[in-house]
Structure formats: C-alpha cells, structure tokens
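The values are calculated or read from the model by the stated rules, or taken from the named source; none is laboratory data. Everything quoted here is computed from the prediction, not taken from an experiment. Using ideal geometry, Cβ is built from the backbone for each residue, glycine included, and neighbour counts are taken over all protein chains shown.
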C-alpha cells in the first residue's frame with residue numbers, strides 16, 4: 001500500500017445549538033478561536049503539542065431541536081486531569097477514574113450536549129505494558 005496517500009486527520013466538527021455558549025465553553029477549555037463565521041461556523045486550534053502539531057476543532061450551527069444523541073466521543077488529552085478539572089471548574093458527568101487500560105478519564109458535556117472525554121494517559125497512550133510492537 002502507498003501509505004494511504006499520506007492520510008491524516010484535518011479536524012473534527014461538532015454541532016452547536018448555541019454558538020456563543022459553545023465558543024465560550026471551548027475557549028474556557030483552552031482552545032484558541034482561529035475562524036469566526038458565527039453563528040454558522042467557528043474553528044479552534046488546540047495548544048501546540050510536544051511534537052509541534054496543532055489539532056483543530058470546528059463547530060457548525062444546527063437547527064433548533066437538534067440532539068447530539070450517541071454521536072462521536074471526542075478525546076482531549078492533558079498532562080494532569082485532576083488539576084485541569086480544578087482549573088476549568090466544570091463538573092464532570094462522570095468523575096475522574098483510572099481505567100483498567102491505565103488512562104485516567106472524566107467526561108464533560110459541551111453546551112450542545114456533545115460528550116468530551118478528558119483524559120491523562122502519559123506513556124500508556126502509545127506504550128502500554130501490553131503493546132505488541
């Protein structure tokens with residue numbers, strides 16, 4: 001295979017039923033607004049990773065009555081989950097817990113009801129004890 005034509009993730013886009021509330025929420029989480037076509041569309045950039053990469057997250061306006069349902073589960077990684085939760089002052093819908101796969105996780109909801117999983121994995125994200133290669 002030809003390395004899948006350099007396939008890479010560009011962004012994740014979530015629905016937003018109240019764009020102003022969603023923008024405030026994601027800025028409070030630490031993302032930087034880089035495109036503002038509100039109320040139709042906005043785009044954020046995450047802080048730079050240790051490898052120099054910057055992922056992005058977009059929000060698009062949804063019709064009244066829209067519900068996120070069991071849509072995608074978005075993972076936001078940080079170095080210290082408990083300190084981060086104390087700083088952002090958002091009550092998780094699931095309390096922080098260290099999972100059997102060694103990630104410490106907590107779930108929060110954005111203003112539109114999209115579930116965000118906050119997690120701390122450290123070395124276990126790419127190199128858990130059971131890694132085969």
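Odds and ends about this structure:
- Restricting region 49-65 to residues that are assigned to a loop (DSSP other than H, G, I, E, B) and either touching a helix residue (DSSP H, G or I) at 6+ places or on another chain (Cβ under 7 Å) or at pLDDT below 80 (or both), the residue that is farthest from residue 27 (Cα to Cα) is 51.
- Which numbered condition residue 71 misses (of (1) within 18 Å of residue 25 (Cβ to Cβ); (2) without any contact (Cβ under 8 Å) to a residue 40 or more places away in the chain; (3) surrounded by fewer than 18 Cβ atoms within 10 Å (Cβ to Cβ)): (2)
- Of all residues in region 108-117 being surrounded by fewer than 18 Cβ atoms within 10 Å (Cβ to Cβ) and touching a residue at least 24 places away in the same chain (Cβ under 8 Å), the one that is farthest from residue 30 (Cα to Cα): 113
- Condition check for residue 98: at pLDDT 90 or above and over 20 Å from residue 25 (Cα atoms): yes
- Of all positions in region 78-95, none carries a residue that is in contact with a helix residue (DSSP H, G or I) (Cβ under 8 Å, 6 or more places away or on another chain), in a strand (DSSP E or B) and within 24 Å of residue 14 (Cα to Cα).
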